[in-house]
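Inspection log for the structure reproduced underneath, given as C-alpha cells.
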Amino acid sequence: MVMAALVNPSDEVLLPGPTYPPYISYTKFFGGKPVTYRTVEEEGWQPNIEDLRKKISDKTRAIVIISPNNPTGALYDEKVVKQILDLAAEHNVLVISDEIYDQIVFDEQFVSTSRLATDQPVVGLNGFSKAHLMTGWRLGYVYVHDQAGELTEFKECIEKESRIRLCANTPVQKAGIAALDGPQDHVRDMCERLKQRRDYTLKRLNEMVGVSCAKPEAAFYVFPKIEAVGSVWKSDWDFIMDLLKETGVLLVHGSGFDPIYGSGHVRGVILPPIDALAEALDVMERFMEKRLK
C-alpha cells in the first residue's frame, strides 16, 4: 500500500542489500526501480553509508530501512540509522522503516527510527505476526511520523487504498488489542529461547567446513556464506537444491534476497527447538564434508 501511494514509473527506491524480496517486487510492480545499497557482512550486515550516499539520485523516492533485518538478523546501530535519516533530510527523501521484528532482539535494545528522527518524515511498518505469534491472522499497521505535515496527501492515499480492499476482521483486531494490553512475559521468554538457538546455530555453522556466518543480533534468521559457491556449486541456488535433494534440509538461496549482496549466501530459520536444529545441522555438516573433501 505504501509503494502504491508513493511510487511512480521511473522512481527509484533504495533498499538494503540483501533485502526482504517484496520490496523489490512491489517497487517493480508500480513501475519503479529497486536499487540496493550495500550492507557489510564483516560488520554484522550494517549499512554502508557511503555506498548509500552514492546511490541517491534525483529519481530517489524513498530509502527503506529494515531493522531488525530479514534475512540477515542485523540490528542497525542507532548512529547508522541517524546517518541515514540525515542523508534523507539532505536530499528531501522519505524514509520507510520496517520494524516488524522490533521486540525480537538479543543483546542490544531496539530504538524505533521515528524516535531518532526530528523533523525528517518517517513511514513505519509493523504488525503482530512476529513478537505476538499471530502470523496467520495478518494484522499489521502503518505509522506516520510527520511533524511538518509533509505527508498529508500520502496519508490520504493510504486511507483511500484501505477503503477499497478487504480489511482485517473484527475478532483479529480485538485480538491485537489483547496482545498489546496483555502480559508481555511471553515475548521475553521467546527471545531468551531464540537467543539460545541463535548461539547454538552460529557456533555450529562457524565450525562447519566451507561455511562462515556473521552474528545475527535480532529476528530469527541466520545468513551464512557458503564459501564454495562459484567453484563446487555454480550458484547459491544450486547449493540449496543439492542440499535439499541429498539430505531433505531446506534453506533459502541468498540471491533471492538480492542478486548482488545476497549472492553466495543462504538463509536459515532458527525457530525449531535445539534438538531439531542439531539434527538438521548434523546432516548439513556431513553433506559439506562429503562435498568438500
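We did not get these values from a lab; they are worked out from the coordinates using the rules stated. Here the structure is a predicted model, which is why all the values come from computation and not from measurement. Here the Cβ positions follow ideal geometry from the backbone for every residue, glycine too, while neighbour counts run over all protein chains shown.
From helices alone, the chain scores -12500 deg cm²/dmol at 222 nm; the rule is -39500 (n - 2.57) for each run of n ≥ 4 DSSP H residues, then divide by the residue total.
Residues of the range 201-221 with an amide N closer than 12 Å to a point placed 7 Å from the Cα of Ser231 along the Cα-to-Cβ direction: 210-211. With 0.36 nm allotted per residue and the present C-alpha distance subtracted, the Val144-His186 stretch has 12.3 nm of extension available. Projecting the Cα atoms of Ser67, Tyr26, Ile84 onto the charge dipole of the chain (Cβ charges, centred on the Cα centre) puts Tyr26 farthest toward the positive pole.
Here Val2, Val283, Val123 are placed in order of increasing Cβ neighbour count within 10 Å, fewest first, which gives Val283, Val2, Val123. Each Cα pair under 8 Å and six or more residues apart adds its separation to the average, and for the range 98-243 the resulting relative contact order is 21 percent. So which lysines pass the test for Lys293, namely a Cα distance under 20 Å, with those fewer than 8 places away in the same chain ruled out? The qualifying lysines are Lys225, Lys234, Lys245. With a ≥ b ≥ c taken as the square roots of the eigenvalues of the C-alpha gyration tensor of the range 2-181, please select rounded if a/c is under 1.5 and otherwise prolate if a/b is larger than b/c or oblate if it is not? Note, shape of the range 2-181 comes out oblate.
3J(HN,Hα) along the range 49-66: 5, 5, 5, 4, 4, 5, 8, 6, 9, 6, 9, 5, 9, 7, 10, 9, 10, 10 Hz, from the Karplus curve 6.51 cos²θ - 1.76 cosθ + 1.60 with θ = phi - 60°, whole Hz, x for Gly and Pro.
Distance between the pseudo-spin-label points of Glu285 and Ala4 (7 Å out from Cα toward the beta carbon): 4.9 nm. Could you tell me the calculated FRET efficiency between Lys79 and Phe29, based on Cβ-Cβ distance and R0 = 35 angstrom, to the nearest 0.05? The calculated FRET efficiency here is 0.55.
Footprinting exposure proxy ranking of Cys191, Cys213, fewest other C-beta atoms within 10 angstrom first, gives Cys191, Cys213. Per-residue extension of 0.36 nm, minus the Cα-Cα distance of Val249 and Arg53, leaves a gain of 66.6 nm for this segment.
If only the Cβ of Lys and Arg carry +1 and only the Cβ of Asp and Glu carry -1, the dipole of the chain around its Cα centre is close to 720 debye.
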